[in-house]
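Trainee: Pasting a structure here, questions to come.
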Amino acid sequence: MLAYDGLVNSALGLLGLPTINFLGSESNFVPMLLLTDIWKSSGWGAIIFLAAISGIDQDQYESAQIDGASRMQQMFKITLPNILPTITIMFILSVGGLMSSGFDQIFNLANAATKNVSEVLDVYIYRITFQSSTDFSFSTAVSLFRSLVNMALLLLADRFAKWLGGDGLFR
C-alpha cells in the first residue's frame, strides 16, 4: 500500500500530486510508526472499553434520565465512575509496555534509510546481542536496567492510579 507503486502513491499520482517515500524517509518514520501503532491497538481498546460500558446497569441511566440528567452528566456521573477500574488497569498495562516500545513493529518498519531515527532501546539490545560482536553480558545488563526502569514506572503508575481514586494493582 505504501510502496512507490502502491495504492496510496497511485492515488496521489492520479490527483497530480508527487509520490511520497513513506517507508524510506526519516521524517516519515515516526508518523508512520504512530499511525500503525494506533491502527494496531485501537480495536483492542475499543473491545475492552465497550465491554466495560456494556457491563453498566441500565437502571442507572434510566434513573438519571427520569431525574433530568443530560447525556454529558450521565457520562461524567455514571459511565466514567463505573469504568474507572478498567481505565486504571488499561493505564497500568500501557505504562508497563512503555519501555518495550513495540520492538517487532519498529524492527519491521526500519531499514537502512531510517537507521538514525529507528534506533530504540530494544533494537539496540538486539543489535548488541545478535548482530555486531556478541556481548551477552552487556546486553543482559542493559536489559536488566530497562526492566528496573519499567518496574519503577509501574510502581509510579500504580500510585498515580490510587491517587486518582482507583484500586491499582496492589492494595
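The values are calculated or read from the model by the stated rules, or taken from the named source; none is laboratory data. Note that the structure is predicted; figures quoted are calculated from it, not measured. Reconstructed Cβ throughout: ideal geometry from the backbone, glycine too, with neighbour counts over all protein chains shown. Heavy atoms of the whole protein, side chains included, go into the accessibility calculation; ligands, DNA and RNA do not. Shrake-Rupley method; radii C 1.70, N 1.55, O 1.52, S 1.80 Å.
Trainee: Every residue in the stretch 82-103 that is at pLDDT 80 or above, touching an Asp or Glu at 6+ places or on another chain (Cβ under 7 Å) and open to solvent by less than 40 Å² (accessible area, probe 1.4 Å), please.
Mentor: 88, 92
Trainee: Looking for something modelled with pLDDT under 85, acidic (Asp, Glu) and either closer than 15 Å to residue 93 by Cα or in contact with a helix residue (DSSP H, G or I) (Cβ under 7 Å, 6 or more places away or on another chain) (or both) - is there at least one such residue anywhere in the stretch 152-170?
Mentor: Checked against the condition, which is being modelled with pLDDT under 85, acidic (Asp, Glu) and either closer than 15 Å to residue 93 by Cα or in contact with a helix residue (DSSP H, G or I) (Cβ under 7 Å, 6 or more places away or on another chain) (or both), the stretch 152-170 yields at least one hit.
Trainee: Can you name every residue in the stretch 42-81 that is open to solvent by less than 70 Å² (accessible area, probe 1.4 Å), part of a helix (DSSP H, G or I) and polar (S, T, N, Q)?
Mentor: Of everything in the stretch 42-81, those that are open to solvent by less than 70 Å² (accessible area, probe 1.4 Å), part of a helix (DSSP H, G or I) and polar (S, T, N, Q) turn out to be 42, 63, 74, 79.
Trainee: For the condition part of a loop (DSSP other than H, G, I, E, B), of a type in the set (Gly, Ala, Ser), in contact (Cβ under 8 Å) with a residue 24 or more places away in the chain and open to solvent by less than 70 Å² (accessible area, probe 1.4 Å), what is the one hit in 24, 16?
Mentor: Among 24, 16, only 24 is part of a loop (DSSP other than H, G, I, E, B), of a type in the set (Gly, Ala, Ser), in contact (Cβ under 8 Å) with a residue 24 or more places away in the chain and open to solvent by less than 70 Å² (accessible area, probe 1.4 Å).
Trainee: If residue 106 satisfies every condition in (1) within 30 Å of residue 136 (Cβ to Cβ); (2) open to solvent by 60 Å² or more (accessible area, probe 1.4 Å) but one, which is the exception?
Mentor: (2) is the only condition that residue 106 fails.
Trainee: Sort out which residues of the stretch 90-111 are farther than 14 Å from residue 30 by Cα and touching a residue at least 60 places away in the same chain (Cβ under 8 Å), and write them in order of number.
Mentor: Once the filter is applied, which keeps residues that are farther than 14 Å from residue 30 by Cα and touching a residue at least 60 places away in the same chain (Cβ under 8 Å), the stretch 90-111 yields 91, 92, 95, 96.
Trainee: Moving on. I'm checking my understanding of the structure. Among residues of the stretch 112-145 that are touching a residue at least 60 places away in the same chain (Cβ under 8 Å) and outside any helix (DSSP H, G or I), which one is least open to solvent (accessible area, probe 1.4 Å)?
Mentor: That would be 118.
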